[in-house]
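The values are calculated or read from the model by the stated rules, or taken from the named source; none is laboratory data. The model shown is predicted, which means the values in this text are computed figures rather than measured ones. Virtual Cβ from ideal backbone geometry, glycine too; neighbours counted across all protein chains shown.
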Amino acid sequence: MISTDILLTADQFILVTLLVKIGVMASLATILVRYTFFRRILLIEDRGRREDWQFASLFGSLIAIGVVSRLLVGYAGADISLAGTLLIGLLTGPLIGLVIGTLLGAIPALSGEILAIPMCALYGVAGGLVSITCPTRDAVWNFSPITLMNVYRFLKSSLVTPRPRWQVALVVACVMMEMVRMTLSQRFAVEGWLFSLAPEGTLVYFCVFVSTVACLGIPLKIWNSTRIQTMLEKQEALVTRARFDALQSQINPHFLFNTLNSIAATVRTDPEKARQIVQKLSRILRRLLHTDEDLVPLRDELAFIDTYLDIELIRFGKDKLCIERQIDPDTLDVMIPNMVLQPVIENAIKHGLAAKVSGGCISISSKRGEGSVVIQIEDNGVGVTEELLKTVMTAGIGLSNVNERLQVMFGSQYDLGFFSLPSQGARVRIEIPDSAPEWLVIEEAREEQDAHSYSDR
């Protein structure tokens, strides 16, 4: 085995060690943020004390493994205790930084590095004190190693218009902590009371400071990118939800106004019929007022449709309106958008059967597909002309609203088809996934997370 001392000078070995330190910190930050648990406790905007301790304990444990690796293997590249403890204090505060720093310092202290305890405790407290002076939480997340490039510009501008720069203060804290460690390490080199790298050249000496800042800034940069992506996903889910609610709000008034018009048309000629419609309408209103779910089981939607059709049967008479059902039992528990079938059936009655003197029939069927459910609503009414067929998906409130709601809910993962021939009726085919869309899952997870966070407080 070839000795490292033969291949590399002392300063070259230190430079390699610094690169390894940066790589270890970057890899650690990238791996951790991929885990849902860590990402949840890290990215909570208003983290409670519980989440702070969870983050500090988890991240501190990994830093401890690096320290133990240095002590056992003798390679300094695994020891990221300075930047890691600073980072813990920065994200959790001085108290937790003090506790975690003391515990981390106790590990090398057992091997004779007795100054490690006060120094690691100092790192954690320093990070926490800097976080207290931070103007906003975004300022912490926006810290980057690139800040080093702005130090000269900051110093130059400060001579003209002095003003505090928090990010520069964090850079200064990193440099000062590293200088204190290196000074004490050199002072007590013989005793071995504190470990640090001992560069000989000025350039390598400067690189030590740069690596400390980089080890602090790179995780924040990686985590902030994930934070921004998560925020964008939440915003997208909220926008989608707003669009969905706006579209759904168009359905309910449309249906209610039509039903009220039916009551007004029959209240004088047939009060008993009007009373029956009012009773059925009250059941519908009760469901609408107490159900705010985006998705409901198909069986619940069909039960709602039955109540609606009861109203239409009272209006038209059972001799002029018949209902046929071919429902696959395996589809009854599939979740579908709330109030998505009613406007389709309403259109079939209003535009297909109402104009037919002899009345007609509506057929409702469902079946399983490959990862989807197919629902068809068919009538034997007057049908639609070729001219109207071109605009049926964009004109009016019924089908156009259903189409847009499905698009908002499922994106491109749905199919809505309308088929009709004059005097031969019409058929609407809806195919949707048999699982909830991703944006709704994100929103539900966010709501659950918020509720969990609130309960912890």
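Need the failing condition index for ILE251 against (1) at pLDDT below 85; (2) closer than 30 Å to SER423 by Cα; (3) over 30 Å from the mean Cα position of the chain (by Cα), just the number.
Single failed check for ILE251: (3).
What do you reckon, is LYS234 among the charged types (D, E, K, R), in a helix (DSSP H, G or I), surrounded by 13 or more Cβ atoms within 10 Å (Cβ to Cβ) and at pLDDT 85 or above?
No.
Within region 337-353, is there a residue that is surrounded by fewer than 19 Cβ atoms within 10 Å (Cβ to Cβ) and over 19 Å from SER423 (Cβ atoms)?
no
Exactly one condition in (1) farther than 28 Å from GLY74 by Cα; (2) surrounded by 14 or more Cβ atoms within 10 Å (Cβ to Cβ); (3) modelled with pLDDT of 75 or more is not met by VAL151; state its number.
So the condition that VAL151 fails would be (3).
Quick one: in region 399-432, which of the residues that are hydroxyl-bearing (Ser, Thr, Tyr) and over 22 Å from GLU370 (Cβ atoms) is surrounded by the fewest Cβ atoms within 10 Å (Cβ to Cβ)?
Per the criteria, the residue is SER423.
Hey, does region 391-410 have a residue that's within 16 Å of ILE430 (Cα to Cα) and small (Gly, Ala, Ser)?
So far as region 391-410 goes, yes, one or more of its residues are within 16 Å of ILE430 (Cα to Cα) and small (Gly, Ala, Ser).
With the requirement that a residue be assigned to a helix (DSSP H, G or I) and without any contact (Cβ under 8 Å) to a residue 24 or more places away in the chain, what does region 59-101 give you?
Answer for region 59-101, where residues must be assigned to a helix (DSSP H, G or I) and without any contact (Cβ under 8 Å) to a residue 24 or more places away in the chain: SER61, ILE65, SER69, LEU72, VAL73.
I need the full set of residues from region 181-200 which are among the charged types (D, E, K, R) and in a helix (DSSP H, G or I), in order please.
ARG181, ARG187
Just name the residue that is surrounded by the fewest Cβ atoms within 10 Å (Cβ to Cβ) out of those in region 354-363 that are aliphatic (A, V, I, L, M) and either over 13 Å from VAL428 (Cα atoms) or touching a Phe, Trp or Tyr at 6+ places or on another chain (Cβ under 8 Å) (or both).
Step by step, filter region 354-363, then rank; the result is VAL357.
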